[in-house]
Amino acid sequence: MQAGSPGVDQAALRGAIDGLRETGALFYQRGWSVGTSSNYSVVLRREPLELLVTASGKDKGRLGPADFVRINAQGQPVMADQPKSSAETLLHVAAAEQPGVGSVLHTHSVWATLLSDLFYDDGGFEIEGYEMLKGLSGVATHETRTWVTIFDNTQDIPRLAAEVRRRLADAERPLGHGYLIRRHGLYTWGRDLDEARRHVEIFEFLFECLGRRLTLAADRPAAAR
């Protein structure tokens, strides 16, 4: 990442880089971003829209200061001599276009991958009644439910981004706080990096609860059900 790059406050840029590096190290330790999987972004400015996105093929547990790309609303780099951005950059743009979104995070956990496959034919699954739901922005009680939509995995990212964009604008079937891609992982967002990171933590906790509950139910003796 070039020092003195135009259009963005340099202190804010350095803060975004530091925050994403810290996030990568945390998610790697938790097993949510292993290998070179996952990608993260922070909105640097809205007019015109510009994001800082992790570069492609980088170990998220060891991100360096230069492992980031500044991209515009078309997912294109805004400066020369930058590394290649994530292949899924347009999915970050689609979410960041929404009012109030300041950061988008994508992880590849075991539970998200398994549940996205198990419930794909249903179009998603519902999570209800857990106290940790209150960790999602705007949720004030455990007596609530959230639907997690699952999109099919594809290498045609522009098409998937267009589909996600349509669902984000659909008042009757809102995506809420995030979505899954089949056999792939979680996308979620927040008004800033801290909120987006909290949403990852909440979703991952809830996914593990659901997955373990299904496992326990399957192992439970029939007479005890």
Only one of Gly15, Gly64, Gly75, Gly7 is out of contact with any strand residue (DSSP E or B) (no Cβ under 8 Å at 6 or more places or on another chain) and in a loop (DSSP other than H, G, I, E, B), namely Gly64
When restricted to Val164, Val200, the only residue in contact (Cβ under 8 Å) with a residue 40 or more places away in the chain, under 23 Å from Glu88 (Cα atoms), in contact with a Ser or Thr (Cβ under 7 Å, 6 or more places away or on another chain) and assigned to a helix (DSSP H, G or I) is Val200
Taking segment 172-206 and keeping residues within 11 Å of the chain's Cα centre (by Cα) and aromatic (Phe, Trp, Tyr) leaves Tyr179, Tyr187, Trp189, Phe203
Pairs returned, first residue in segment 71-85 that is without any contact (Cβ under 8 Å) to a residue 24 or more places away in the chain and on the phi > 0 side of the Ramachandran plot, second residue that is among the polar types (S, T, N, Q) and surrounded by 13 or more Cβ atoms within 10 Å (Cβ to Cβ), beta-carbon separation under 8 angstrom, 6 or more apart or interchain, are Gly75/Ser85; Gly75/Thr89
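Only one of these is surrounded by fewer than 17 Cβ atoms within 10 Å (Cβ to Cβ), among the polar types (S, T, N, Q) and not in a loop (DSSP other than H, G, I, E, B): Thr146, Thr141, Thr215. Name it. I'd like the intermediate steps shown before the answer.
Values: Thr146 fails: surrounded by fewer than 17 Cβ atoms within 10 Å (Cβ to Cβ); Thr141 fails: not in a loop (DSSP other than H, G, I, E, B).
Matching residue, one of Thr146, Thr141, Thr215: Thr215.
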Only unsatisfied item for Val93, checking (1) in a helix (DSSP H, G or I); (2) of a type in the set (Val, Ile, Thr); (3) surrounded by fewer than 19 Cβ atoms within 10 Å (Cβ to Cβ), is (3)
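For segment 114-136, name all the residues that are in a loop (DSSP other than H, G, I, E, B) and either over 20 Å from Gly185 (Cβ atoms) or aliphatic (A, V, I, L, M) (or both). So that I can check it myself, show each step before the final result.
If we filter segment 114-136 for residues that are in a loop (DSSP other than H, G, I, E, B), which is where we start, we get 119, 123, 129-130, 136.
Those that are in a loop (DSSP other than H, G, I, E, B) and either over 20 Å from Gly185 (Cβ atoms) or aliphatic (A, V, I, L, M) (or both): Gly129, Tyr130, Leu136.
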For segment 2-53 the number of residues that are more than 18 Å from the chain's Cα centre (by Cα), in contact (Cβ under 8 Å) with a residue 40 or more places away in the chain and surrounded by 13 or more Cβ atoms within 10 Å (Cβ to Cβ) is 3
Counting only residues that are closer than 18 Å to Arg197 by Cβ and assigned to a loop (DSSP other than H, G, I, E, B), segment 18-57 contains a total of 6
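Read the figures in this text as sums done on the coordinates, not as results from a lab. Not measured: the values here are computed from a predicted model. Positions of Cβ are backbone-derived with ideal geometry, glycine not excepted, and every protein chain shown enters the neighbour counts.
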